[in-house]
Every structure is written in structure tokens, then in C-alpha cells.
Amino acid sequence: MDFNQLWKILASPDNIPITLLLFIVPFYTWYGFRQAFANDKLIDQLEANPEMAKTHHRKTQPWRPEWTRDVHVWPYLLRIEFLAALIVTIILFVWSILLNAPLEEPANPTLTMNPSKAPWYFLGLQEMLVYFDPWMAGVVLPSLIIFGLVVIPYIDVNPLGNGYYTYKQRKFALWTFIFGFLILWISMIIIGTMIRGPGWMWFWPGQTWDHNRVVFEVNRDFHEIFGIRNAWTAFIFGGGVMTVYLAASAWGVHKLITLTEFSRKMYKRMSLLQYVVMQIFLITMLLLPVKIALRLLLRIKYMWVTPWFNV
Amino acid sequence: MADTQPPVEPNFKDSLLAIKEKALEEAKALQTPEKTEVWKSILRVKHDETPRSRSLGVLSNVFLHLHPAKINRDAVAYNYTWGMGGISFYIYIVLVFTGALLMYYYHPSKVVAFRDILYLEHDVPFGKLLRNMHRWSAHLMVITVELHMFRVFLTGSYKAPRQFNWVVGVILLVFTLLLSFTGYLLPDDQLGFWAVTVGTNMARATPMLGSDGPFGAAMGMTPFNDVRFALLGGSIVDSNALLRAYIWHCVGIPIIASTFMVVHFWRVRKDGGISGPSPMMLASEIKELKKA
């Protein structure tokens, strides 16, 4: 166990945000879900008791009939905003006094940094480079992340859970977002920052970054396992594999979308366009964990090799 | 000569007394400064504790007027919003402020950029603090913006009627990342240089628009006319790239991002204010969709 190495990674000033993320993200996930479960409990009570549903103010926040419904922004909101600004200012001052922004040697195109890393918020994308070619990891998938986020409000047909925390009423939506945000975005950033060392090789926390380390990884393309050598046969074979994969994951996603009675009801509310868009984005999203598994478990590099691009 | 009093003497004394009295009277009026003309002209409305004044205090103030006069009593709860949207905006203001100060000491030129940073760190009073605060604020803003998005998703706040404001929010998230990324190159050190080299090498692989991307060669793309060349103003990360990063970072993206921010905040109000905590809806209350 190389604690010096571990400390160097955790305490390097530019990595502090990720060390912060390790605590902040789980905290806010807990903070949100705690309220979601509290609300779910009240929802259960209201559903079991229609009389209560008619009279209850339907929030977990306390309520008394003699209270006014609204409060003045001045002072009840503005004082909170002022306090928040004050606290953030103090945090920034303390942070800036204690830790210096990194400054390396002057830029030198002839001396490559190893590892050379993108800023931390793009390390998830850089980590994807291990599993996809640059045109996918660097261009297509990031664009799809943006467009995928943009279409969320237009494909989520569930009218429940608008303006309050709930798990019970939005299970599918929450699982999808948690998977995308926490697993595919945040944890990939953490891997890229904390785990990847020289040569973008995998170093466990506490393992010394050895710049001379050599890893013998024989990566194969999927068709090579089947002994296919001819490029065009491989192209057709890979196309078949992709088709099978897409069909299988579309089927799997469909099963997920129509898993419960409630989700089948939501499925019926979807237009064909909404359904197709949702399928496209979910299948693409699934491609990443599938390729990670193929690469790390089976040492498979490409599923589909063509003369123009590889997937 | 000696018995003739100068005729002006008593009048002068009297007028002095009159002036003194007037001054005292006016000084007394200053004890209630809110009644002076200057005060009224600046603040326009009374600032006492009546509901009317409290409302007007918010509504008639240009900096506060994006707020409504009153909000739901539960909406001020920290556990609902986490305050992340407001904190992100505040950090943006901090970044504009510290960034503008940094611009006084920085030349976007390959010759002096790095030396400017050294000068800033060692010779400019509070220069190091300034640079540190700008960098850590940038990092913190990325975190708070992402957490803001997380909260908005968890509370389902993107649902009708706020769908479009979510889209504006996604655009703002992208610009937040781009702002941070363009700033990364500016110190012109190894860290920024290689991060931007790695980042822009991706552009080379853009399908059809990059020289190394699928179908790029077929579209006539070379390292000297592809999308990466447009980003860097050259085929390598050099002085033109530094200048382009600087202009995008200090002028282009801040203007675009500020514009979208205006829309974002405006839409928060127009879409009915903050989304909750709103009364919970039960599954049995879902209305059938109307056939279009």
C-alpha cells in the first residue's frame, strides 16, 4: 500500500473537486431520497384513505390552518439568499487561501505529460476512449448525452412527481437518471481521476504509479474469436452482431419500460415518436456498460469492424 | 464717530441667529433621513414593515425584481431546492468579477502569457488569491450546476410547464463546461496545454468534419481545414489557439451564457415560479390523455 501515492492523488489541488464529489454526491443523493421515501409514505397513506386525501395538504412539510399560505420574499427568502452568498464567499476565500491553483512548467509540445488528462469534468469522456474510438467517445456520445438530456422532458409522459421528491411514482425515470448520472458520469470521472495513471493504465488506490509498467493485454475484435480473417466477411459478420445486439437491447429496454402495471399504463400514453426516441437513447446508453464489460471481462475491442469506422 | 453704531451690526447678528436656527431645524430633519428628498429619490418607496412596503421593496428594485413579492411558505425550505441554482449564479458573478480583474494582468500571447501568471502569483498584490479564487470558483460552479440538474430531475421539475426551461438549463450546463475548458489553456502551462491537446484531438475524429473521423477524408478534410483547425486557428495548439481560447473564454461564451441565463431566470417566473414543494398527486388521479 503506497499511502504517499494515494495522498498525492487525493490531495492534489486540482483533484480536490473530485475528493469533494466523493462526499457531496452521496450526501445529496441520500438527502433527496430521504425526502422521496418520506413523501412515498404519505402517498401510501393518502391512497389507502380517500377521506384523508381530500383534506390533507399533501405535503410532508408541517401545516396549520391558521398559517398563511405565502410568505414575503423580503425577508424570508432574501435573507436565505444573502446567507448562502456569504457562506459561499467564505468557503471560496478559505479554499483559495489554503490551496494554490496548479501551475506546471511552461507549455512544451515536445514533452508529453504522462498521464495527460483532460480537466476533471471531462474525464468521464476521456475514460470512454478506452472503450470507444475517438469519433464515438469524443464526438457522437457527448452530443448524444446533450440531446438525451434535452429530450427528457418530452419523452417522460408520467404526470406524477411534478414538483416533489418521490421514488415510488417515478421508479423507471429515477433508475435511468441515477444510472446515467451516478454510474456513467460521476463514477467514470472518479475512475479517470483516481484510478487511471501513466499510460492511462488501471492503478488501484494506493498502488504506486509505475511509469515503466507494462501490461500484456491481447485485445481482439469480436470476429477474430470466430476465426474470421477476411475484411468483408468481418464487416458482414460484425453488422450481424450489431443488429442482434440492437434487437436484443431494444427488446430488453422494452421489457423494462413495460415491467410494472404502472409503467405499462405510461407506455400506452407514449406516442410512437416518443417511444422510438426513448429506445434510441436508452440503447445507446446501454452500449457503454456493454462495451466496458466486453473489454474488461472478455478483452474484446470492437464488435463491428468496417473499412470506415469501428464500434 | 464713536457713538455712531454701524447700522448693519444688529441686522447681521440677527441674520446669523436666523441662519443658525434654520441650520438646526434642517439638522433635526436629518434625524429622519427617510423623509429627505435624496433618500426618497433613490429608494422610491417606504421601507417600513407593512406588507405593502415589503412587496414594493422587492418589486421596485431592479436587482430583486426577478423575485415575486410573495412565495409559498414551503418553497424557502433548503431541503427542497438545495439552493444550487442560486449558488451557481452567485459563483458565476464571482467568476465574472475575479475574471475581469485577472484580465488587467494577462496578455493572451504565447510570449508573455505564462510569465503573466508568474507575475500575478509573485508580484501582484493578492494576485495569487485572485487566481486561486477564479479557479476554485470555476470548479465549484461545475459541481453546483450538476447538483442543480440532479435536484431538478429528482423533483420532476422539468415536467410541464417547465420542459423548455430544462432545455435552456442543459444548454447552460454545456456552456459552463465550455467556459471552464476554454479557461484551462490560458495559463499556457503543461497542464492546460496537454488537456486542451487531448480535448481538441477529439475534434479531429468528428464524423465527416474531422480529418481523422469516419468519412472525413471523403469529405475532403485535412488537418488544415477541418473542425479542429477552426477551433485552434491552426493545426497545433499554439498562439492562435491561445488567442481563440481567450476570446471565447472572456467575451464569446460569457455573453452567450449570460443571455441564456436571462432566459432561464425569466422562464422560472413565467412558468409559475419555483416548482415546489407542490402537493402530491396520486396515481388514481391521472387524467386520460385527450386525443389530439
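The values are calculated or read from the model by the stated rules, or taken from the named source; none is laboratory data. Treat the numbers as computed from the prediction; the structure is a model and nothing was measured. So basically every Cβ, Gly included, is an ideal-geometry build from the backbone, and we count neighbours across all protein chains shown.
Do we find a residue being closer than 30 Å to B:Val268 by Cβ and facing chain A (nearest Cβ under 10 Å) anywhere in region B:104-123?
No.
Does region B:217-228 hold any residues that are part of a loop (DSSP other than H, G, I, E, B) and more than 27 Å from A:Trp200 (Cα to Cα), and which are they?
Result: B:Gly220, B:Met221, B:Thr222, B:Phe224, B:Asn225, B:Asp226.
Within region B:182-194, can you find the residues that are closer than 26 Å to B:Tyr92 by Cβ, in contact (Cβ under 8 Å) with a residue 12 or more places away in the chain and within 7 Å of chain A (Cβ to nearest Cβ)?
Within region B:182-194, B:Tyr184, B:Pro187, B:Asp188, B:Asp189 qualify.
Is there a residue in region B:133-156 that is at the interface with chain A (Cβ under 7 Å from one of its Cβ atoms), surrounded by 23 or more Cβ atoms within 10 Å (Cβ to Cβ) and not in a helix (DSSP H, G or I)?
yes
Mind listing whichever residues of region A:225-259 are within 23 Å of A:Val151 (Cβ to Cβ) and among the polar types (S, T, N, Q)?
A:Ser249, A:Thr258, listed by residue number.
Search region B:66-77 for residues being in a helix (DSSP H, G or I), facing another protein chain (nearest Cβ under 7 Å) and of a type outside the set (Asp, Glu), and hand back the single one that is surrounded by the most Cβ atoms within 10 Å (Cβ to Cβ).
B:Val76
Out of B:Ile93, B:Ile87, report the one residue that is touching a residue at least 24 places away in the same chain (Cβ under 8 Å), within 23 Å of the chain's Cα centre (by Cα) and under 21 Å from A:Ile91 (Cβ atoms).
Unique residue meeting the criteria: B:Ile87.
A:Tyr167 - would you say it is within 29 Å of the chain's Cα centre (by Cα), more than 8 Å from chain B (Cβ to nearest Cβ) and hydroxyl-bearing (Ser, Thr, Tyr)?
Answer is yes for this residue.
Restricting attention to region A:116-150, report how many residues are of a type outside the set (Ser, Thr, Tyr), within 9 Å of chain B (Cβ to nearest Cβ) and touching a helix residue (DSSP H, G or I) at 6+ places or on another chain (Cβ under 7 Å).
Final tally of qualifying residues: 16.
Pairs please, first residue from region B:218-242 and closer than 22 Å to A:Asn108 by Cβ, second anywhere and of a type in the set (D, E, K, R) and part of a loop (DSSP other than H, G, I, E, B), Cβ atoms under 7 Å, 6+ apart in sequence or on different chains.
Taking only residues 6 or more apart or on different chains, the pairs are B:Asp238/B:Lys110; B:Ser239/B:Lys110; B:Leu242/B:Lys110; B:Leu242/B:Asp188.
Can you pull out every residue in region A:6-56 that is small (Gly, Ala, Ser) and either in a helix (DSSP H, G or I) or over 30 Å from the mean Cα position of the chain (by Cα) (or both)?
Once the filter is applied, which keeps residues that are small (Gly, Ala, Ser) and either in a helix (DSSP H, G or I) or over 30 Å from the mean Cα position of the chain (by Cα) (or both), region A:6-56 yields A:Ala11, A:Gly32, A:Ala36, A:Ala38, A:Ala48, A:Ala53.
Give the residues of region B:157-179 that are more than 27 Å from B:Tyr105 (Cβ to Cβ) and either among the polar types (S, T, N, Q) or not in a helix (DSSP H, G or I) (or both), sorted by residue number.
Once the filter is applied, which keeps residues that are more than 27 Å from B:Tyr105 (Cβ to Cβ) and either among the polar types (S, T, N, Q) or not in a helix (DSSP H, G or I) (or both), region B:157-179 yields B:Ser157, B:Tyr158, B:Lys159, B:Ala160, B:Pro161, B:Arg162, B:Gln163, B:Asn165.
So, in region B:23-65, of the ones that are facing another protein chain (nearest Cβ under 10 Å) and not in a helix (DSSP H, G or I), which residue ends up surrounded by the fewest Cβ atoms within 10 Å (Cβ to Cβ)?
Among those that are facing another protein chain (nearest Cβ under 10 Å) and not in a helix (DSSP H, G or I), it is B:Glu49.
Report, by residue number, each residue of region B:195-220 that is under 18 Å from A:Gly124 (Cβ atoms) and either surrounded by fewer than 22 Cβ atoms within 10 Å (Cβ to Cβ) or at the interface with chain A (Cβ under 7 Å from one of its Cβ atoms) (or both).
B:Ala195, B:Val198, B:Gly199, B:Thr200, B:Asn201, B:Met202, B:Ala205, listed by residue number.
Can you find, within region A:44-63, the residue that is nearest to the other protein chains (Cβ to nearest Cβ) among those that are charged (D, E, K, R) and loosely packed, with under 10 Cβ neighbours inside 10 Å?
Looking only at region A:44-63, we keep the residues that are charged (D, E, K, R), and these are A:44, A:47, A:51, A:54, A:58-59.
Next cut, loosely packed, with under 10 Cβ neighbours inside 10 Å only: A:51, A:54.
On the way: A:Glu51: 13, A:Lys54: 11 Å.
Step by step, filter region A:44-63, then rank; the result is A:Lys54.
Quick one: would you say B:Asp238 is crowded, with 23+ Cβ neighbours inside 10 Å and either among the acidic types (Asp, Glu) or in contact with a helix residue (DSSP H, G or I) (Cβ under 7 Å, 6 or more places away or on another chain) (or both)?
For B:Asp238, the condition - crowded, with 23+ Cβ neighbours inside 10 Å and either among the acidic types (Asp, Glu) or in contact with a helix residue (DSSP H, G or I) (Cβ under 7 Å, 6 or more places away or on another chain) (or both) - is not met.
With the condition being modelled with pLDDT of 95 or more, I'd like the helices (runs of 4 or more DSSP H) fully within region A:57-138 carrying at least 3 qualifying residues.
The qualifying helices (runs of 4 or more DSSP H) are A:78-98.
Taking the stated definitions as given, is A:Ala36 under 26 Å from B:Phe153 (Cβ atoms), surrounded by 14 or more Cβ atoms within 10 Å (Cβ to Cβ), among the aliphatic types (A, V, I, L, M) and touching a Gly at 6+ places or on another chain (Cβ under 7 Å)? Break it down into steps so the answer makes sense when it comes.
Numbers: under 26 Å from B:Phe153 (Cβ atoms): yes; surrounded by 14 or more Cβ atoms within 10 Å (Cβ to Cβ): yes; among the aliphatic types (A, V, I, L, M): yes; touching a Gly at 6+ places or on another chain (Cβ under 7 Å): no.
The answer is no for A:Ala36.
Within region A:100-115, restricting attention to residues that are within 7 Å of chain B (Cβ to nearest Cβ) and touching a residue at least 12 places away in the same chain (Cβ under 8 Å), which residue is farthest from the chain's Cα centre (by Cα)?
The residue in question is A:Asn100.
Return the pairs, sorted by first residue and then second, in which the second residue is assigned to a helix (DSSP H, G or I) and of a type in the set (Phe, Trp, Tyr), the first residue lies in region A:70-94 and is at the interface with chain B (Cβ under 9 Å from one of its Cβ atoms) and within 17 Å of B:Ile93 (Cβ to Cβ), the beta carbons are less than 6 Å apart, and the residues are 6+ apart or on different chains.
Short answer, once both residue conditions are applied: A:Ala85/B:Tyr90; A:Val88/B:Tyr90.
Might you let me know whether region B:231-238 holds any residue that is of a type in the set (Val, Ile, Thr) and in a helix (DSSP H, G or I)?
The answer is no, given that none of the residues of region B:231-238 is of a type in the set (Val, Ile, Thr) and in a helix (DSSP H, G or I).
Name the pairs: first residue in region B:162-181 and without any contact (Cβ under 8 Å) to a residue 60 or more places away in the chain and facing chain A (nearest Cβ under 7 Å), second residue of a type in the set (Ser, Thr, Tyr) and in a helix (DSSP H, G or I), Cβ to Cβ under 8 Å, at least 6 apart or on different chains?
Once the first residue is without any contact (Cβ under 8 Å) to a residue 60 or more places away in the chain and facing chain A (nearest Cβ under 7 Å) and sits in region B:162-181, its partners that are of a type in the set (Ser, Thr, Tyr) and in a helix (DSSP H, G or I) give B:Gln163/A:Tyr154; B:Leu177/A:Tyr121; B:Ser180/A:Tyr121.
I'm checking my understanding of the structure. Among residues of region A:139-171 that are outside any helix (DSSP H, G or I) and small (Gly, Ala, Ser), which one is surrounded by the most Cβ atoms within 10 Å (Cβ to Cβ)?
Ranking the qualifying residues of region A:139-171, first place goes to A:Gly161.
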